[in-house]
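In what follows, a structure is listed as structure tokens, so that the remarks can point back to it.
The values are calculated or read from the model by the stated rules, or taken from the named source; none is laboratory data. Computed from a predicted structure; not experimentally measured. Cβ placement follows ideal geometry from the backbone for every residue including glycine, while neighbour counts extend to all protein chains displayed. What goes into the accessible areas is simple: the full protein's heavy atoms, side chains included, and nothing from ligands, DNA or RNA. Shrake-Rupley method; radii C 1.70, N 1.55, O 1.52, S 1.80 Å.
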Amino acid sequence: MDDAQTAVKFCNEHEIEFVVKASGINQACHSIRPNALVLDLSGLNGISHSLESNRLRVNIQAGTNFRQL
């Protein structure tokens, strides 16, 4: 996450557009922009779960795609 924070700060300081690419399955290609920095979160694809007080808690990271679910 430190790398992502550094990249966003750099973009803000230098007025560079950035876009976020999560799982890479966006059919409209919103994560592709000319002259923009792409923050690729596809590596953040973990899924975890736990049972707390008879409730299932599921954590799904931003880069997770439907096949992984």
Would you mind calculating the relative contact order of the chain from Cα pairs under 8 angstrom and at least 6 residues apart, reporting the percent as a whole number?
-> 27 percent
Per-residue ³J(HN,Hα) for the stretch 56-64, Karplus 6.51 cos²θ - 1.76 cosθ + 1.60, θ = phi - 60°, Hz, x for Gly and Pro | 7, 10, 10, 10, 10, 6, 4, x, 6
Helix axis angle, 2-13 relative to the chain longest principal axis, alpha carbon, degrees = 30 degrees
Among 7-20, 49-62, how do they line up from the highest to the lowest mean number of other beta-carbon atoms within 10 Å?
-> 7-20, 49-62
Ignoring ligands, DNA and RNA, what percent of the accessible area of the chain is carbon or sulfur (1.4 Å)?
-> 51 percent
Please work out the average accessible area per residue across the chain, using the 1.4 Å probe convention, and give it in Å².
-> 85 Å²
Note down the nm distance, to one decimal, between modelled labels 7 Å out along Cα→Cβ at Val19 and at Ala36.
-> 0.4 nm
Calculate the spin-label point distance for Asn12 paired with Leu56, positioning each point 7 Å from the Cα along the beta-carbon direction, and give it in nanometres.
-> 3.8 nm
